[in-house]
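Working notes for the structure below.
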């Protein structure tokens, strides 16, 4: 049972990133297919996704100054 939960959790994380790359950035429609171009573009897309998610998390925690402390268990 724990293994199945772990596998589902693993695919959930991967699916979130891949869904954003496929739907938002239309990665499947990309014309870049040779050399290191596909890897470079995937890295750029992942960086953009991470930066946007980090910015959203920062805004969430900035609304209440106790949130970061509670997250770290310092309150």
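Just so it is clear, none of the values below were taken in a lab; they were calculated from the coordinates. Here the structure is a predicted model, which means the values were calculated and not measured. In this analysis, Cβ positions are derived from the backbone assuming ideal geometry, glycine residues included, and neighbour counts consider all displayed protein chains.
Quick notes on this one:
- Helix 37-62 vs. the chain, principal-axis angle (Cα, 0 to 90°, nearest 10): 20 degrees
- Cα gyration tensor shape of the chain, rounded if a/c is under 1.5, else prolate or oblate by comparing a/b with b/c: oblate
- When each of 22, 28 is scored by the number of other beta-carbon atoms lying within 10 Å, the sequence from fewest to most is 28, 22.
- Inter-probe distance in nm under a simple model that places probes 7 Å from Cα toward Cβ, at residue 34 and residue 67: 4.7 nm
- Where labels lie 7 Å past Cα in the beta-carbon direction, separation of residue 42 and residue 19 in nm: 2.0 nm
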